[in-house]
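Contents: one structure, followed by commentary.
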Amino acid sequence: MSFISWQYFIFLPVIIISYWLLPPRRRLLLVLAGSYFFYGCWDVRFLALVLATTVIDYNCGLSIAGRKNRPWQVLGLALLPAAWCLGCHLGLPAAGISDNLLLISVGLGLAFFGAHEAIGLLARGRRPKYYLVLSVVFCLAILGFFKYFNFFVGSFQSMMGVVGVRANWALLKIILPVGISFYTFQSLGYVIDVYRGQSPVCADFLTFATFDAFFPQLVSGPIERGRNLIPQFEKGADFRESHIQDGLRLILVGLFKKIFVADNCAILANYAFASQTTLNGYWAVIGVVAFAFQIYSDFSGYTDIARGSARLLGINLMENFKFPYTSRTPSEFWGRWHISLSTWFRDYLYIPLGGNRGTRWETLRNLTIVMLLAGLWHGADWIFVLWGAYHGVLLILYRVVPPFNRIPDKDGAWTWRDVLAVPLMLLFTLVGWAIFRSPSVSFLAAWFGALGHWDSSLGLSWESSSLWLLFHILPLILLQVLTWKYRDEATLTHVPWLARGLVYTLMILLIVSSGEQDKEFIYFQF
Amino acid sequence: MRRLITPACLVVICLLGLAELGARVFFAQDISGRFDYGYNPQAGFAERADGTVELFRAGGRRFYPQTFQRPRAPGVFRIFVVGDSVPRGAGLKKAYPWLLGQELRQHDIRAESINLAVPGYGARRCQIVLQKALTFEPSLIILHFDDYNKWEDEREWRRSQEFKGWHPRHWLMKIFIFRRLYEAKLEKVFWPLVPEEIRLRYAVNDADAQVAAGQDPKEIAARIKLAYDTAVQNVAMVRARHIPVILVTQCRLEQDGHHRLYLTDHGLDALGKSLAGPGVYHVSMKEVLSGQDIKRIFANFSGHLHQEGHQLLARALCAKIELERAALGIPAPSVTVAERPQEAKTAAPAGPSVPRKP
């Protein structure tokens, strides 16, 4: 169920009204059931994966904190995904759960139970580390298999081909479960936090399952931290009008970004980055600018709708975007773009690798590793790795090479230097998006080549298309100017009520003018 | 709970409510039949109390604004031209239905030629227009036949049926002001600004499916057969009322692998010839336009013509009507065209009247 589908706009009010009518303890059950229903609308089979991640990290979290469940409880929970598969197998034949899949789910459940209990036999002081390893291994194995198996096998085959060895391994037909990268990282983050003592352990399975599968941020983030979200579920929220007002405003802004800006920019970006398109300089630029606004509006729009939906339930989700195209340096950009992911990589990878505490070379090495993995996180394709590497090089450039290393990346007052620094960083970002969006490396070379051919007789008329692009990005820029003051992309409360009413009306009209489109969000595929 | 409705929220509700109310009160005619996707037999024909019939345009796919008297005046030769965007032309006075009226009047025929063409209409929706048109005493029906819009006919039928249903998908667009805004953006911003190649390649609004259907040989064959069958039904329907028909078969400009331009009728001429008989006449667009400077008279590769092409078609149709004058029940001219006195020209009726733009 997509956030911009009509189904969601029936589902959401039903959940919200029921939520506030129910007594607090039952609310979590409702949210969990709603979350599973929301996710199951894509593919009920993959709910077993969400359940598996939940069960693994719940048990490991408890065990790390020294509050290990009894064996029969662990076994019962470990077999929950298998039970779900069995239920689907018997009750929903159309779901296509085969006997083999059923056996695999039982086998994995038993394997987890066995490993978990085996760790319990170790000395008390050594257990937490092994429980952490168990959680990381199981979660990353699931993620790796569903997202990267074919990529690595295919890459290995190609490598073997280069040295003259033919490896004819058949690739598996694996469907990428929606949002697997997001909920896996969120769940792993919780276990690591518990291990480090940075987050209290969640002893209530219902609360933890709700944290893991909370529908507003289940499929595309923000990747929340347990220490932020779990206490909110435990405490519960009292009904306040401001929850509804803020939630609706966030949803409206999100819909505006997604439907009016992103989907309309996508028309040009998809054309310019299609392998059969003949590019000239104009179209290379139009394409990448359109894509820059598309991906930003698409993802930040999603985040706004997610935050708005959660807010309607009295839950605060973290901000994920803060005017990223106004950044002066790459590190500032990553502090403003997909904040929940960049902070995840910072907290759970960059800092454990040593961060910037070692020598300069170690810092640069750590940055490169993190950015390569961040690129790979976005998709199983070398083009994403290249994009990550490009951002790694940018980060290094801005740390090492003068005059770039003199540009401050703190969010302070603007100086005359920003007048140059912001457009320069925007230019670097656009080049990055060209890498990200290119269907292949050869297309990317053609894109760079097109920048040297400013012949408008090649390709389609670019003038009218530029107007189309402007027509859709100008309202967004105006909205950003309005919201700049509060450093929150969706806060308009400082604007007088009459002007605010006019802005909301205009946004509604612009959304509906873009019609009955039901396009997927880009970040679902990650 | 009372604080849920903030002043800003009230402004939104009031503005949208007023806009919707205003649209429904002041543009009621615009709304009529708007959600029927061409499947409302009344849409576009408005009969007034004073006996006039008004054809109106609401910004969507409607007729050019024209009016005529419901009872046909004695001696007036009333022609209805039914078809798609090709006979509709780039403007009422630039398209062949209007030009034909002028030609006929110059040949001493008190002709009233009405353009009932609507862009995107295939044989199926043309049938609905035809059914209504037949109630207004036509002397001759010109059916401009093309098989190109069959897919669109079916899609719009599906949409009209869906739209009548309860499905929540359509709730938003049932608000008139929203639907109107959506259409306005599509027509006034999307079409003019986004190049056709992009619209067709990626497009929005099923164009991808339309393109895919247009390339599948099985789909093409099925579509053409349906279009042919419906065209045959349309001719039979007119003939059942003993009204003569001229079937104009469409041709289009295409380009071979060497970028040479040529005209093709996609087999429509054979259909036209097979249907020709007593009371059914055939005019092939390909035959009329062959030998002309086709690059100049065609506006694009889909068969649309510049005014010069429309003029050629109008002359060919006029010649056909002249030729079949007796069979069509048109009285012989009292004087030949060459001898016609100047005052005879001015005495002829001026054809359908065009309402002035508000």
Tell me the label-point distance for the pair B:Trp191, A:Leu373, using the 7 Å Cα-to-Cβ offset, in nm and rounded to one decimal.
5.4
³J(HN,Hα) across the range A:357-369 via Karplus (A = 6.51, B = -1.76, C = 1.60, θ = phi - 60°), whole Hz, x for Gly/Pro?
7, x, 6, 4, 5, 5, 4, 5, 4, 4, 4, 5, 4
Förster radius 41 Å - calculated FRET efficiency between B:Trp157 and A:Trp497 (Cβ-Cβ, nearest 0.05):
0.30
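With +1 on the Cβ of every Lys and Arg and -1 on the Cβ of every Asp and Glu, and nothing else charged, how large is the dipole of the protein assembly as shown about its Cα centre, in debye rounded to the nearest 20?
Details: 90 positive and 68 negative charges, 355 e Å.
The calculation lands at about 1700 debye.
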Scattering from the C-alpha atoms of the range B:40-134 alone, worked out with Debye: what is log10 I(q)/I(0) at q = 0.18, 0.23, 0.24, 0.25 1/Å?
-0.82, -1.28, -1.36, -1.43
For the pair A:Asp455 and A:Arg67, the simple spin-label estimate (label points 7 Å beyond Cα toward Cβ) gives in nm 7.1
Averaged per residue, what accessible area in Å² does the protein assembly as shown show with a 1.4 Å probe, protein chains only?
44
If you bin every alpha carbon distance in chain A into 20 Å steps from zero, what whole percent lands in each bin?
20, 54, 25, 1
Give the cross-link partners of A:Lys173 among the lysines, using a straight C-alpha distance below 17 Å as the criterion and excluding same-chain residues fewer than 8 apart.
A:Lys147
Across all Cα atoms of the range A:279-401, Rg and the largest Cα-Cα distance (Dmax), in Å, are 16.3, 50
Starting from the Kirkwood radius over alpha-carbon pairs of the range A:208-332, derive D by Stokes-Einstein at 37 °C in a medium of 0.692 mPa s and give it in µm² s⁻¹.
202
Whole-Å distance linking the alpha carbon centroid of the range A:310-357 with that of the range A:1-51 is 27
Can you list the residues, at least 5 places off or on another chain, whose amide H is less than 5 Å from the amide H of B:Ala111, using H built in the peptide plane?
B:Phe77, B:Arg105
Shape of the range B:67-188, Cα gyration tensor, a/c cut at 1.5:
prolate
Under the definition of partner shielding as Cβ atoms of other protein chains within 10 Å of a residue Cβ, what is the mean value for peptide A:1-8?
1
Note down the nm distance, to one decimal, between modelled labels 7 Å out along Cα→Cβ at A:Arg227 and at B:Lys218.
6.1
Let me know the shape class of the range A:1-68, please: from the alpha-carbon gyration tensor, a ≥ b ≥ c as square roots of the eigenvalues, rounded when a/c is under 1.5, otherwise prolate if a/b is greater than b/c, or oblate.
oblate
What does the range A:352-431 give for Rg and for Dmax, in Å, if only its C-alpha atoms count?
14.1, 41
For the Cα atoms of chain A, what angle does the longest principal axis make with the long axis of helix A:80-91, in degrees from 0 to 90, nearest 10?
80
Cα gyration tensor, the range A:108-246 - rounded (a/c under 1.5), prolate or oblate:
oblate
For the protein assembly as shown, diffusion coefficient by Stokes-Einstein and Kirkwood Rh (Cα), 4 °C, 1.567 mPa s, µm²/s
41
If amide hydrogens are placed 1.01 Å from N in the peptide plane, which non-local residues have theirs closer than 5 Å to the one on B:Phe298?
B:His306
Any lysines whose Cα falls less than 21 Å from that of B:Lys218, other than same-chain ones fewer than 8 residues away, would be B:Lys150
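Packing-wise, with mean Cβ within 10 Å as the measure, how do A:64-72, B:232-240 rank, highest first?
Output ranking for A:64-72, B:232-240: B:232-240, A:64-72.
Carbon and sulfur: what percent of the protein assembly as shown's accessible surface (1.4 Å probe)?
Working: 24720 of 39080 Å².
Here carbon and sulfur together make up 63 percent of the probe-accessible area.
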Among all the lysines, which ones have a C-alpha under 27 Å from A:Lys68's C-alpha, if same-chain residues fewer than 8 places away are not counted?
A:Lys129, A:Lys235
Additional length obtainable on full extension of the chain from A:Ile175 to A:Val419, 0.36 nm per residue less Cα span
83.3 nm
Expressed as an acute angle from 0 to 90° and rounded to the nearest 10, what is the orientation of the C-alpha long axis of helix A:418-437 relative to the principal long axis of chain A?
60
Buried accessible area for the A:B pair, summed, 1.4 Å probe, in Å² rounded to 100?
3200
The alpha-carbon center of the range A:363-381 and that of the range B:241-262 are separated, in whole Å, by 60
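Give me a single rounded figure for B:187-194: the average over its residues of other chain Cβ atoms within 10 Å of their Cβ.
The mean count of partner-chain Cβ atoms within 10 Å per residue comes to 5.
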Please report, largest first and rounded to whole Å, the three semi-axes of the ellipsoid equivalent to the range B:124-196, where each semi-axis is the square root of five times an eigenvalue of the C-alpha gyration tensor.
29, 19, 14
Loop-resident sites, the range B:225-322, for chymotrypsin sites (Phe, Trp or Tyr not before Pro), counting at most 14 other Cβ within 10 Å (DSSP):
B:Phe301
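The values are calculated or read from the model by the stated rules, or taken from the named source; none is laboratory data. Everything numeric here is computed off the predicted structure, so don't read it as measured data. Every residue, glycine as well, gets a Cβ built from its backbone with ideal geometry; the counts of neighbours run over all protein chains shown. Ligands, DNA and RNA are stripped out before the accessible areas are found, and what is left, the full protein with its side chains, is counted by its heavy atoms. Shrake-Rupley method; radii C 1.70, N 1.55, O 1.52, S 1.80 Å.
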